[in-house]
1. Residue by residue through the stretch B:178-197, note down the ones that are away from chain A (no Cβ under 13 Å) and either open to solvent by 20 Å² or more (accessible area, probe 1.4 Å) or over 20 Å from residue A:11 (Cβ atoms) (or both).
2. Restricting attention to the stretch A:13-30, which residues are of a type outside the set (Val, Ile, Thr) and either within 7 Å of chain B (Cβ to nearest Cβ) or surrounded by 13 or more Cβ atoms within 10 Å (Cβ to Cβ) (or both)?
3. Here are some residues: A:180, A:198, A:227, A:192. Which one is farther than 18 Å from residue A:64 by Cα, in contact with a helix residue (DSSP H, G or I) (Cβ under 6 Å, 6 or more places away or on another chain) and aliphatic (A, V, I, L, M)?
4. Give, as residue ranges, the helices (runs of 4 or more DSSP H) completely inside the stretch B:209-290 that count at least 2 residues that are at pLDDT 90 or above.
5. Return yes when residue A:270 is of a type in the set (A, V, I, L, M), assigned to a helix (DSSP H, G or I), open to solvent by less than 10 Å² (accessible area, probe 1.4 Å) and within 29 Å of residue B:122 (Cα to Cα) and no when it is not.
6. Please verify whether residue A:63 is without any contact (Cβ under 8 Å) to a residue 12 or more places away in the chain and in a helix (DSSP H, G or I), treating the condition exactly as stated.
7. Here is a list of conditions, (1) under 14 Å from the mean Cα position of the chain (by Cα); (2) charged (D, E, K, R); (3) surrounded by fewer than 16 Cβ atoms within 10 Å (Cβ to Cβ), and residue B:278 meets all of them except one; can you say which number that is?
8. Please pick out the residue among A:104, A:122, A:132 that is within 12 Å of chain B (Cβ to nearest Cβ), of a type outside the set (A, V, I, L, M) and buried (at least 22 other Cβ atoms within 10 Å of the Cβ).
Amino acid sequence: MMKSKLKYLENSIPKFVVTPTFLIMIIFVYGFIMWNFVLSLTNSKLLPMYNFVGFKQYIELFGSSKWWLALENLFIFSSLFIASCIAIGLLLAIFIDQKIRFEGVFRTIYLYPMALSFIATGTIWQWMLNPGLGLQKFVVEMGFKNFTFDWLVDTKMAIYTIVIAAVWQSTGFVMILLLAGLRGINGEVINAAKIDGASMPKIYWKIIIPQLRPVFFSSIIILLHIAIKTFDLVVVMTKGGPGYSTILPSIFMYQYSFSRNKLAYGASSAMIMLLFVMIFVVPYLYNELRKR
Amino acid sequence: MDVIIKEKNSNKISRILIYLVLSIFAIYFLLPVFVMIITSLKDINEIKNGNILSMPQHFTIQPWIDAWQNARIGASAHGIKPYFINSIMITVPAVLISSIIGSFNGYVFAKWKFKGSDLFFAFLLFGCFIPFQVILLPMSQTLGKLGLSQSVFGLIFVHIVYGISFTSLFFRNFYVSIPTELINAAKIDGAGFFRIFFKILLPVSLPIFMVCIIWQMTQIWNDFLFGVTFSDVSTQPVTVALNNLVNSTSSVKRYNIDMAAALIAVAPTLIAYIVSGKYFVKGLMAGAVK
C-alpha cells in the first residue's frame, strides 16, 4: 500500500516538473492570444475596455490604405529578402564546399552579422546609405559627379534599403544551413555522375540542388518568420518613413497600440500577423513532428 | 597528356574564381563594420570633410569615451553605460533561469514521456513561432497589474516566459540522443528522476548548456521589441538606448559617437560569437531544424 503510493508519487515527478511550463504556456501564450483576440473585438482606445463591437476593427483595418501599404511592403520585403538570402547563401555554400583553404575564416566572416542586433545592423546601414555623408558621397568624390544613391530618403525606394540591411544580416545563416545540407549528400551518386562525364554545374543543378529541397524549405520558413517579425530594423533605419513608405504590419501594430491610442485596432492587426505565421508554420510543424 | 594539362589549367582558373568570389563577399560582409570602426575613431570635422572609407588622420578615442559616459540619450547625458548595465541585469538572470527550466523540461520530454507529453511538446514548440506583437497588449496589462511594468524584473520575466520554448527544444533534442538503456539501468539500480538527471545527464550536458546560453544571450541582449514596450528611461536595455541615440533629433548628429555606441552595444554578443562560434552555429542549426 505504502509502496504503491510512493511509486505513484515517483511517477508523477516528471509531470510535476513540467507543470509550471504548462501553466506558463496556457496563460502567457494561448491565454494571451485569446485575450488579444477579445481586445480586438472591442472598441478600446487608450486602455482596454470591454465594450464589444464585433469585427468592426477588422473591417476598418482592411479598409485602411495604410494597412494595405504595410501588407504590400511586407510582400515586397519578404520576397526579395528570402530570394536574395537563398541565392547568395547557396552560392557561398557551394563555393565553400569546394575543399577550400581558410574555410573556417570565411564561414566566420559570413555569419558574424547574425550575432548583431537588428538595431546595430540598422545603425550601420543607415550610416552607409545616408546620402549626405555615406556611400553616395564616396562615389561622387571618386569622380562620378552625378552619382546618386538616396534610396533611404526616397519614398519609392526606401523599402529596398531595409532589404539590403536584412540580407546582409541573415545570408550567413542560410549559407550555414545549406552547407550542412550539402555535406549530408551521398558522394557516390555525384562520383557516378562525374564518371558518366557530367559537368560540375550540371551535377549541381540536376542532382545536388534538388536534394537540398528540405533545407530550402526550412530556410524559407525561418526567413519568412524573420520577415513577418521585422520591426527593429525599420524603426532604426527609417521609422517607417519617409512618410509611411516603409511601414510594415509590425510597425503598424506598434504605432496604433502604443502611440495612437487605438488599442483594439492594434490588437486586430496583431491577430492578422499571427494568422499569417500560422498559415505556414502549423503545416510545417505538423509535418516535422509527424516525421519523428 | 594534353587533356590533363588543359584540365589542370581550367581547374586552376576555377579555383582562382572561387577564391575571388568568396573574398568579394568577405569584403561585403566586413565592410560595414570596418566603416563603423574607422568612423568611431575620427573627430566630427574629419567625418564631414572626408568620406566614409577614408582612414582617420587624427586618431581619437574620445567618441568611445563620450558614447560610454557622456552622450545625451533622452533627457540624461550619461552615455550608454547605464543602459549597458540594464542589459546585463536583464540578460544574465533571464538566460540562466530559462536555460535551467529548459534543461528539466527537455529531460522530461526526452526520457520521461507520459501520456500527452508529445502533444504538450508540440504546443510548446508553437511558442517559438508566435509573432510577439500578439501578446504585447495583454502582457503590458498584466505587468501593470503585477506592479512590474517598466521594471527590470518585468523584462526578466517576459524573456524567461518566451524563452522556455526554445530552451526546452534544445535540451529535448540533445537528451533524445543519449541512450535510454543507460537510464533504464540506473532506474533498475533504484535511481530516481533527479538522481538520474544530476548523475548521468548533467555531467554530459556542458555542450548543450553552452549552445542554449549563447542562443538565449544573443536573443535577449539583442531584443528590442520587449525592451521598448516594457521599459522606461531608467530600465531601458542598450538596444533601445542605441536607437534613441541614433535617432535623436534634438542635437547635431555626431556619427562618430553613434558608431562607437553601436560597437559597444554589440560587443558582448560579438565576443561570444568569436570565442565560441561552434556553439553559436550549433544553436542556429538546432533552432532551424525545429
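1. Kept after step one, since they are away from chain A (no Cβ under 13 Å), are these residues of the stretch B:178-197: B:178-182, B:184-186, B:188-189.
Within the stretch B:178-197, B:178, B:179, B:180, B:181, B:182, B:184, B:185, B:188, B:189 qualify.
2. Quick first cut of the stretch A:13-30, residues of a type outside the set (Val, Ile, Thr) only: A:14-16, A:20, A:22-23, A:25, A:28, A:30.
Within the stretch A:13-30, A:14, A:15, A:20, A:22, A:25, A:28, A:30 meet the criteria.
3. Numbers: A:180 fails: in contact with a helix residue (DSSP H, G or I) (Cβ under 6 Å, 6 or more places away or on another chain); A:198 fails: in contact with a helix residue (DSSP H, G or I) (Cβ under 6 Å, 6 or more places away or on another chain); A:192 fails: in contact with a helix residue (DSSP H, G or I) (Cβ under 6 Å, 6 or more places away or on another chain).
Criteria check complete, one pass: A:227.
4. The qualifying helices (runs of 4 or more DSSP H) are B:225-230, B:238-246, B:255-275.
5. Details: of a type in the set (A, V, I, L, M): yes; assigned to a helix (DSSP H, G or I): yes; open to solvent by less than 10 Å² (accessible area, probe 1.4 Å): yes; within 29 Å of residue B:122 (Cα to Cα): yes.
Considered against the rule, which asks whether it is of a type in the set (A, V, I, L, M), assigned to a helix (DSSP H, G or I), open to solvent by less than 10 Å² (accessible area, probe 1.4 Å) and within 29 Å of residue B:122 (Cα to Cα), residue A:270 comes out as yes.
6. Numbers: without any contact (Cβ under 8 Å) to a residue 12 or more places away in the chain: yes; in a helix (DSSP H, G or I): no.
Here the answer is no, as residue A:63 does not meet what is asked.
7. (1)
8. Values: A:104 fails: buried (at least 22 other Cβ atoms within 10 Å of the Cβ); A:132 fails: buried (at least 22 other Cβ atoms within 10 Å of the Cβ).
Residue meeting the stated conditions: A:122.
The values are calculated or read from the model by the stated rules, or taken from the named source; none is laboratory data. Being a predicted model, the structure only gives us computed values, none of them experimental. Note that each Cβ is placed from the backbone with ideal geometry, even for glycine, and that neighbours are counted across all protein chains shown. Side chains are part of the model used for accessible areas, which takes the heavy atoms of the whole protein and leaves out ligands, DNA and RNA. Shrake-Rupley method; radii C 1.70, N 1.55, O 1.52, S 1.80 Å.
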